[in-house]
Amino acid sequence: MESKKILSSIVQGKKVKVVGFDYHMGLFSRHHHRLLRLHEANDLERHGVFFTRRLQEMGILPGEIIEVLRNGNIGPVEVIVKNSHLAIGRGIASRIYVEEIDE
Amino acid sequence: MNKTFTVALAGNANVGKSVIFNQLTGGSQIVGNWPGKTVEKAEGFTEQGGLRIRIVDLPGIYSLSTYSEEEIVSREFIAHEHPDLVVDIIDASNLERNLFFLFQLMELEVPIVVALNQYDVVEEKGLEIDEQKLSELLGLPVIKTIATKNRGLKELFQVIINILKRGKNGRGKVEYGKEVESRIKILSKALEQLQELKYPKRFIAIKLLEKDPLMFSEIKSTEIINLVRILYKELEEIHGEKSETVIISERYAVASRIAEAVITKMRKAKKDLSDVLDKVALHRFWGYVLLISLVLFIFFVVFKFGSYLSGMIGSLFSLLKPYFMYLNIPVPLKELIWNGAIEGIIAGFAIVLPYIAPFYLILSILEDTGYLARIAFLTDNLMHRLGVHGKAFIPLIESFGCNVPAILGSRVMERKRDRLIVSILATLVPCSARTVIIFGLVAVFLGPLYAILIYVFDFILIFIVGLLLNKYIKGTPTGLIMEMPRFRKPVFKVIFRQTWVRLKEFFYFAMPIIVTANIVMEGLILLKFIGPITSALSPISRFLGLPSLATITLIFGVLRKELTLIMLATFYQTTNFAKVLTPQQIFIFGFVTMIYIPCVATIAALKREFGNLTAILVSIGEFIGALLLGGLLNLLLRIF
Ligand SMILES: Nc1nc2c(ncn2[C@@H]2O[C@H](COP(=O)(O)OP(=O)(O)OP(=O)(O)O)[C@@H](O)[C@H]2O)c(=O)[nH]1
Ligand SMILES: [Mg+2]
């Protein structure tokens, strides 16, 4: 079995299998460096739930095979899931766990 | 009077609901190729087959959970306002994800008709969908349509009318796996003891197992909530995943099974240009080169075309003046009519229209091709510095047309905080009215480079304000999740319609304001009221280094920004502004009008979306900011 990687680290052109999400840390922006206040931590928790939920509704489900179509060093990652294209911000993409599959 | 039937158009985002709505009702809903344009329900009426039908266009959503405002709007409408029929519009080229939504609609147990829209795209992919079989599997009527070519809509309507007349229709049913079904059954049974449920029991049971937050808060019985907890823990144990994941997966499994059964590959797919275009449009270097070149290209096209047209229309109208002056009416009245009313109309046609018409046309083309979604992709990283994600750029671009729809359109953002940031930034974006001033005044008399300079100043300002807002508005930034629409050949009918809808707004809404304001102003001149006003304003005029007449126009500019330029022309009886303003004054005037206050319509939109306090604070803030920056600019221009 291959080891778990994060989606944002996958080279473009590769196919991967989704294995799970980082639910607890909803810190979805890379440019957010300051320390969190308490209400913000709660906020993040809720939005962590929201975004993982939305991703799954779009078809990013555990077990699903997706193709990484575009992944530069900055900016969102574009994947093909269920025959359609989805842009996922880098912060979110770094909280999606995937496994590389051999072709 | 006969009964009015209600038919709701529901479905995923960007499938063609609004195109169908416009075709059926003659309405003017915004259409474009990116997800999330319609943010509020809109309604229109039509008479068909002797029935009066109210058609409701709903926001596009991916699910009937309640994580976003659009989802709540659509879910409540369908569940509580009991439309006689729901038409689920499906993007046939993206069947699985669209069936995923349809299943939830079916769980609401409303009568449904399915429109398999965008069928042309399916054919281009070399595929075929067996509508008969799909209809059998779903237990619902299914009709193929191509909305943009007006194909299949008549048949769709025939089916709708038949169902309305008959008054009944199959509702279909979806079955999930055994473990899930048995728990839904237990829960539905338990729900029987509750009175006055707002939704069908099966729907509630499923949503509870999915841990839908709104549903949890609506069910008051602790007994049931405890039961739900036990049931979803069991599911999580069996499947080793969260229970919402289990249910979403099951739903997708059924969707895949059905999609597989009805789609057949007929021939080779036509080459899809979209992927090739994306190689450039989304390239991490060439993408930005393309974006900037495109912006500059649009700038010059609108400017060249606009100034040419403006000169032509202006000289055409000026031929009229001698004839009018011959007329035998008292001189003051003559001046009031000519300088007030007619000059106002002329200015509208000669100064404003030549710039906004080509601009709106280009905006509509951009909207319909799908390029706006690419811009959102490219700018995601930049926008994160302002605490919002790339989708924020879409309302900001819309804002170049008009700030008002941009503030409404900020609802593509998932959260209130992001909406607020985007809306405030949108008020600083030069809308078409301000473009008229920059082009018609700055670019014409100082040269296009100075106009670009003003834009650059403005963009820097927007960026700085964004940084500040991100720092001081409570809350945390969010990330981007966006379905990327395929590039599409723009449909000319759609584009012209959209351009016309926006221009109509100018003729019917802006023109009367312009003319009335101009007449009021001319009256003030005739009654010799201008003197006292100018002296009252003279501190501001001196501070900004503008002639006092120009400062007065700023007051009227709150109504419509173009008014400032039009009144300047009325005041000085010339459109050759170089004669009456120095180059420095032209520059300062252009810059200040760009930012000094949102116009009344924009203030009203802010008030509607965010309340009085926000509207007032933003207006005052921008007024003070513009004065300070204008004064500073004046000082700098004097020194150098
Ligand atoms: N090729 C093709 N394009 C279509 C068809 N129907 C709609 N479109 C295009 O699809 C895009 C989206 O159409 P809209 O009507 O704005 O979609 P909507 O469902 O109202 O979208 P939201 O309001 O964002 O939820 C536009 O660019 C239309 O021109 C069709 O049958 N075939
Ligand atoms: Mg719409």
Item to complete: State, to one decimal in nm, how far the label point of B:Ile460 lies from the label point of B:Thr264, with both points 7 Å from Cα in the Cβ direction.
Response: 6.5 nm
Worksheet item: Using heavy-atom solvent-accessible surface (probe 1.4 Å) with all chains present, what is the largest-first order of B:Ile437, B:Ile230?
Response: B:Ile230, B:Ile437
Fill in: Mean-position separation - Cα centroids, region B:1-42 and region B:108-186, in angstrom
17 Å
Fill in: Cα pair distances in region B:259-365, grouped into 5 Å bins until the bin that holds the longest one, percent each
2, 9, 12, 11, 10, 9, 8, 8, 7, 6, 5, 5, 4, 2, 2, 1, 0
Response to the item:
Ranking B:Tyr508, B:Tyr355, B:Tyr232 from most to least accessible area with a 1.4 Å probe gives B:Tyr508, B:Tyr232, B:Tyr355
Discussion item. Using only Cα atoms and rounding to the nearest 10 degrees, what angle (0 to 90) does helix B:178-191 make with the longest principal axis of chain B?
Written reply: 80 degrees
Fill in: At R0 = 35 Å, FRET efficiency that the Cβ-Cβ distance of B:Lys178 and B:Ile225 yields, to 0.05
0.90
Discussion item. Taking the alpha-carbon distance from B:Lys168 and a cut-off under 19 Å, which lysines remain once sequence neighbours fewer than 8 residues away in the same chain are dropped?
Written reply: B:Lys3
Worksheet item: Please report, for the Cα atoms of region B:4-166, the Rg to one decimal and the Dmax as a whole number; what are they, in angstrom?
Response: 14.4, 42
Discussion item. Between 0 and 90 degrees, rounded to the nearest ten: what's the tilt of helix B:600-610 against the longest Cα principal axis of chain B?
Written reply: 30 degrees
Fill in: Ranked by how many other beta carbons lie within 10 Å on average, peptides B:575-588, B:305-318, B:357-370 from highest
B:357-370, B:575-588, B:305-318
Worksheet item: Can you give the charge dipole size of region B:178-265 about its Cα centre, rounded to the nearest 20 debye, using +1 on the beta carbon of Lys and Arg and -1 on the beta carbon of Asp and Glu?
Response: 220 debye
Item to complete: Return the average number of partner chain Cβ atoms within 10 angstrom of each residue Cβ along peptide B:482-493.
Response: 2
Worksheet item: What is the Cα centroid distance between region B:445-462 and region B:62-99, reported in whole angstrom?
Response: 44 Å
Fill in: Helix-only [θ]222 nm of the protein assembly as shown, DSSP H runs n ≥ 4, -39500 (n - 2.57) each, per residue, nearest 500
-18000 deg cm²/dmol
Worksheet item: Given a cut-off of under 8 Å on Cα pairs at least six residues apart, what relative contact order in percent is computed for region B:4-166?
Response: 23 percent
Fill in: Set of lysines with alpha-carbon distance to B:Lys528 below 21 Å, sequence-local pairs under 8 removed
B:Lys334
Item to complete: Starting from the Kirkwood radius over alpha-carbon pairs of chain B, derive D by Stokes-Einstein at 37 °C in a medium of 0.692 mPa s and give it in µm² s⁻¹.
Response: 119 µm²/s
Worksheet item: Taking only C-alpha pairs under 8 Å that are 6+ residues apart, what is the relative contact order of chain B in percent?
Response: 12 percent
Discussion item. Along the Cα→Cβ direction, 7 angstrom out, place labels at B:Phe324 and B:Met312. What is the inter-label distance in nm?
Written reply: 2.2 nm
Worksheet item: For the pairing of chain B with chain A, what total accessible surface becomes buried, with a 1.4 angstrom probe, in square angstrom to the nearest 100?
Response: 4100 Å²
Practice prompt. Would you work out the charge dipole size for chain B about its Cα centre, treating the Cβ of every Lys and Arg as +1 and the Cβ of every Asp and Glu as -1, and quote it to the nearest 20 debye?
Written response: 920 debye
Practice prompt. For region B:286-639, build the charge dipole from Cβ charges (+1 Lys, Arg; -1 Asp, Glu) around the Cα centre, then report which of B:Leu544, B:Thr435, B:Met325 sits farthest towards its positive end.
Written response: B:Thr435
Practice prompt. Could you name the lysines whose alpha carbon sits less than 24 Å from that of B:Lys271, not counting residues in the same chain fewer than 8 places away?
Written response: A:Lys14, A:Lys15, A:Lys82, B:Lys125, B:Lys144, B:Lys149, B:Lys279, B:Lys489
Worksheet item: So what is the diffusion coefficient of region B:178-265 in µm² per second by Stokes-Einstein at 37 °C and 0.692 mPa s, using a Kirkwood Rh over Cα pairs?
Response: 236 µm²/s
Worksheet item: Once region B:392-505 is represented by equal point scatterers at the alpha-carbon sites, with solvent omitted, what log10 I(q)/I(0) does the Debye formula produce at q = 0.13 Å⁻¹?
Response: -0.65
Worksheet item: Separation of region B:525-579 and region B:343-359 by C-alpha centroid, Å?
Response: 20 Å
Practice prompt. Quote the FRET efficiency, to the nearest 0.05, computed for B:Leu294 versus B:Lys607 with a Förster distance R0 of 41 Å and r equal to the Cβ-Cβ distance.
Written response: 0.75
Worksheet item: Normalised by the residues of region B:178-265, what does the relative contact order come to in percent, with Cα pairs under 8 Å and at least six apart?
Response: 26 percent
Worksheet item: Per residue, what volume in Å³ does the convex hull of the Cα atoms of region B:108-228 enclose?
Response: 155 Å³
Worksheet entry | Efficiency of FRET from Cβ geometry, B:Ala341 and B:Ile639, R₀ 51 Å, rounded to 0.05 | 0.75
Practice prompt. Counting other Cβ atoms within 10 Å, keep those with at most 14, restrict to DSSP loop, and tell me which GluC sites (Glu not before Pro) in region B:175-235 are left.
Written response: B:Glu175, B:Glu192, B:Glu196
Practice prompt. From largest accessible area down, sort B:Phe556, B:Phe492, A:Phe50; use a 1.4 Å probe on the protein chains.
Written response: B:Phe492, B:Phe556, A:Phe50
Worksheet item: When DSSP beta bridges are limited to those with both residues in the protein assembly as shown, what percentage is antiparallel, rounded to the nearest 5?
Response: 65 percent
Practice prompt. Would you kindly work out the equivalent ellipsoid of region B:405-449 from its C-alpha gyration tensor and give its semi-axes, the square roots of five times the eigenvalues, largest first in whole Å?
Written response: 31, 9, 6
Item to complete: Compute, for B:Met484, the solvent-accessible surface of its heavy atoms (probe 1.4 Å) with the complete set of protein chains present, and express it in square angstrom to the nearest 10.
Response: 10 Å²
Discussion item. If you fit an axis through the alpha-carbon atoms of helix B:69-80 and take the longest principal axis of the Cα set of chain B, what angle between them do you get, 0 to 90°, nearest 10?
Written reply: 50 degrees
Item to complete: Might you work out the accessible area of B:Leu382 for me, using a 1.4 Å probe with all protein chains in place, and round it to the nearest 10 Å²?
Response: 80 Å²
Worksheet item: What are the semi-axes of the equivalent ellipsoid for region B:286-639, taken as the square roots of 5 times the Cα gyration tensor eigenvalues, largest first, in whole Å?
Response: 35, 24, 18
Item to complete: Give me the Debye-computed log₁₀ of I(q)/I(0) at q = 0.05, 0.06, 0.09, 0.11 Å⁻¹ for the protein assembly as shown, equal point scatterers on Cα only, no solvent, two decimals.
Response: -0.29, -0.42, -0.89, -1.22
Fill in: Residue (of B:Gln573, B:Val520, B:Phe591) at the positive-pole extreme of region B:509-640, dipole from beta-carbon charges
B:Gln573
Worksheet item: What average count of beta carbons from other chains do you get within 10 Å of the Cβ of residues in B:239-248?
Response: 4
Fill in: Cα-Cα over 24 Å, subset of B:Lys165/B:Lys207; B:Lys220/B:Lys416; B:Lys178/B:Lys233; B:Lys561/B:Lys607
B:Lys165/B:Lys207; B:Lys220/B:Lys416
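The values are calculated or read from the model by the stated rules, or taken from the named source; none is laboratory data. Note that the structure is predicted; figures quoted are calculated from it, not measured. Cβ sites come from the backbone with ideal geometry, for glycine too, and all protein chains shown count toward neighbours. We work out accessible area using only protein heavy atoms, side chains counted, and drop any ligands, DNA or RNA first. Shrake-Rupley method; radii C 1.70, N 1.55, O 1.52, S 1.80 Å.
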